[in-house]
Amino acid sequence: MFASSIKKFQEGLRQKKFSVTEALLYYTKKIKEENSNLNAYLEIFDDAEKEAKVLDGRLAQGEVPGPLF
């Protein structure tokens, strides 16, 4: 797991322990594995990975793209 809280997730991103894309792929995989039991997610957007890569690029340039970061 990437983080046990939003604060730890933010720290992990800032410290480059993982990328937005890596986190997205990890959690997307977990959703696909577990959602049949939980029925908690209705949709995973097709462009999510593309958007994650854009955010990774912005972070690499030193930009803070939003409050989560």
Would you please name the residue that is farthest from the chain's Cα centre (by Cα), looking only at residues in the stretch 16-50 that are surrounded by 11 or more Cβ atoms within 10 Å (Cβ to Cβ) and in a loop (DSSP other than H, G, I, E, B)? Tyr41
Return yes when Val64 is at negative phi and either open to solvent by less than 70 Å² (accessible area, probe 1.4 Å) or touching a Pro at 6+ places or on another chain (Cβ under 9 Å) (or both) and no when it is not. no
Positions within the stretch 1-15 being in a helix (DSSP H, G or I) and among the small types (Gly, Ala, Ser), in sequence order: Gly12
For the stretch 40-69, pairs from a residue that is farther than 17 Å from Glu11 by Cβ to a residue that is aromatic (Phe, Trp, Tyr) and modelled with pLDDT under 95, with Cβ under 9 Å and 6 or more apart or across chains, are Glu51/Phe45; Arg58/Phe69; Glu63/Phe69
Is it the case that some residue within the stretch 4-15 is open to solvent by less than 70 Å² (accessible area, probe 1.4 Å), over 12 Å from the mean Cα position of the chain (by Cα) and not aliphatic (A, V, I, L, M)? yes
Residues (at pLDDT below 95 and either of a type in the set (Asp, Glu) or in contact with a Leu (Cβ under 6 Å, 6 or more places away or on another chain) (or both)) located in the stretch 50-68: Glu63, Pro65
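The values are calculated or read from the model by the stated rules, or taken from the named source; none is laboratory data. Owing to the predicted nature of the structure, the values given are computational and were not obtained by experimental measurement. Cβ: placed from backbone, ideal geometry, glycine included. Neighbour counts: every protein chain shown. Side chains included, ligands, DNA and RNA excluded: accessible areas come from the protein's heavy atoms. Shrake-Rupley method; radii C 1.70, N 1.55, O 1.52, S 1.80 Å.
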